[in-house]
Amino acid sequence: MTILCVRFQLPPMYEAALPGLLGLLEDFTPVVEALPPDGALADLRGAERYFGRSAVELAAVIRVRALARYGVDCAIGAGPGPALARVALRDARPGVTCAVPEDPGGIAEFLAGRPVSALPGVGAATARTLGEYGLDTLGLVAAAPLSTLQRLIGARAGRELQERASGIDRGRVVPNAVSRSLVAERPFDIDELDPGRHRRALLSAAEELGSRLRAVEKVCRTLTLTVRYADRSSSVRSRTLKEPTAHSAALTKAAYGMYEALGLQRARVRAIALRAEGLAPAGQASHQLTFDPVDEKVRRIEEVADRARAKFGPRAVMPGTLAA
C-alpha cells in the first residue's frame, strides 16, 4: 500500500482546521492532495522507506496525531493507487484503516462485488446506463467486452472504466492547496413549488457560505446559483460581486437577485446550490466604507454570531426565518 485517502471527521462548518490537518500529513510526505471539504490523498512511497513502516502503520500514527493535536478522528483507506484508496475509504471507519489487498487476485476480489458507482468519477447517469444492460458491479464491468463498454459510454471512458474495474489504477496524487471554491447545497425532501421555501433555502445556503468563508479567512469574488428541477434539468447563473466579500447579507442579496432573474413560475425545484468562487485571503480584500450605521451594526452582530456558532454549534445563532 502506498496511497492513503483520509477523511477527517470535522464538525459542520469547521473547515478552518483543514489546512492544519493537511500540514499534519505533510509531516510525512510533501505529496498531499486536498479533497475539500474534509479529505485528502497522501502518497507515502518515500515515507515508507524513510520511516521503515508500511502505509497502514503510518496511518495509525496520523490518526493519533490528528486526535492529539486537533481532537479530530479520521477514516482512512489505503491502496496501491488513488482510485483504489478512495474505494477502500468507503468501507473505512474511525479507528480502522481499510486496505486493498496488494496482489492482483486480491484486488480483483476486493472490487468484484462493489457497485459501479463506488469508483470515483462514475456518476449516476453512467451507472444507470450500465445498469440497464446488467453491468451493475465492477466484476461484471471488468469481464465485459471492451467494445460493449465503449459503445455504451464512449471509447475513452469505456477503456478507462474497464481498467479501473480490473484494478489498474494509473492515477497519481497531485499536490495542491485547499480548494478555491466552497459550495452549500439545499435539497428538498419533495419537489418544492413554494417560492418562499426556495428563498429560505437560499438564505440558509448563503448564511452557511458566509460562515465558512469567515472561518477560513477568505472572501469570494463570484457567486454561482444552481437550481435543479424535477425533470433533472437545471439552471445555472453566476454573478460577479461588486467587491470580494464574506458578508452573509451581501451573499444573500446576490443569491436573491439571481433567483428573481430566473423568473420561475411554479417550478418544481428539487435542490438549490450556491457556490462561492474566486476565493482570496480576506486580509487582501478591500471594503468600501459607508456612513450607514446599520451596515456596521450588522457586521458586528455577524462577528458575535460567528463566535457563538464556533462555541455552541452552527444552529446556535440563525435568522428568525430559518429558526421556524
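The values are calculated or read from the model by the stated rules, or taken from the named source; none is laboratory data. The model shown is predicted, which means the values in this text are computed figures rather than measured ones. No Cβ is skipped: glycine too gets one built from the backbone with ideal geometry, and neighbour counts run over all protein chains shown. Note: accessible area is taken over every heavy atom of the protein model, side chains too, but ligands, DNA and RNA are not part of it. Shrake-Rupley method; radii C 1.70, N 1.55, O 1.52, S 1.80 Å.
Only one of these conditions is not met by CYS98: (1) open to solvent by less than 60 Å² (accessible area, probe 1.4 Å); (2) within 29 Å of ILE153 (Cα to Cα). Which number is it?
(2)
Which of the residues that make up the stretch 243-253 are within 23 Å of the chain's Cα centre (by Cα), of a type outside the set (Ser, Thr, Tyr) and outside any strand (DSSP E or B)?
Once the filter is applied, which keeps residues that are within 23 Å of the chain's Cα centre (by Cα), of a type outside the set (Ser, Thr, Tyr) and outside any strand (DSSP E or B), the stretch 243-253 yields ALA246, HIS247, LEU251.
GLU33: free of Cβ contacts under 8 Å to residues at least 24 places away in the same chain and touching a strand residue (DSSP E or B) at 6+ places or on another chain (Cβ under 7 Å), yes or no?
The answer is no for GLU33.
Residues being touching a Leu at 6+ places or on another chain (Cβ under 7 Å) and open to solvent by 30 Å² or more (accessible area, probe 1.4 Å): count how many of those fall in the stretch 101-115.
2
ARG7 is checked against (1) over 30 Å from ALA276 (Cβ atoms); (2) within 24 Å of the chain's Cα centre (by Cα); (3) of a type outside the set (Phe, Trp, Tyr); (4) not in a helix (DSSP H, G or I) and fails just one. What number does that condition carry?
(1)
Is one or more of the residues making up the stretch 275-294 open to solvent by 80 Å² or more (accessible area, probe 1.4 Å), within 28 Å of LEU18 (Cβ to Cβ), in a strand (DSSP E or B) and modelled with pLDDT under 90?
yes
Select the helices (runs of 4 or more DSSP H) contained entirely in the stretch 37-94, then report the ones holding at least 3 residues which are among the small types (Gly, Ala, Ser).
Hits in the stretch 37-94: 55-70, 82-89.
Checking ALA112 against (1) touching a helix residue (DSSP H, G or I) at 6+ places or on another chain (Cβ under 9 Å); (2) within 30 Å of LEU22 (Cβ to Cβ), which test does it fail?
The number of the failed condition is (2).
Would you point out the residue of the stretch 203-248, among those that are free of Cβ contacts under 8 Å to residues at least 40 places away in the same chain and closer than 21 Å to ARG270 by Cβ, that is most open to solvent (accessible area, probe 1.4 Å)?
The qualifying residue most open to solvent (accessible area, probe 1.4 Å) is ARG232.
Name the one entry in ARG170, ARG200, ARG159 that is charged (D, E, K, R), open to solvent by 40 Å² or more (accessible area, probe 1.4 Å) and at pLDDT below 90.
Going through ARG170, ARG200, ARG159 in turn, the sole match is ARG170.
Out of the stretch 249-271, which residues are of a type outside the set (Lys, Arg), over 21 Å from GLU208 (Cβ atoms) and in contact (Cβ under 8 Å) with a residue 40 or more places away in the chain?
Residues satisfying the conditions are LEU264, ALA267.
With the structure loaded, tell me whether VAL178 is open to solvent by 40 Å² or more (accessible area, probe 1.4 Å), assigned to a strand (DSSP E or B), modelled with pLDDT under 90 and over 30 Å from ARG159 (Cα atoms) or whether it fails that test.
For VAL178, the condition - open to solvent by 40 Å² or more (accessible area, probe 1.4 Å), assigned to a strand (DSSP E or B), modelled with pLDDT under 90 and over 30 Å from ARG159 (Cα atoms) - is not met.
Would you check which residues across the stretch 57-66 are farther than 13 Å from GLY95 by Cβ and either in contact (Cβ under 8 Å) with a residue 40 or more places away in the chain or among the hydroxyl-bearing types (Ser, Thr, Tyr) (or both) and list them?
LEU58, ARG65
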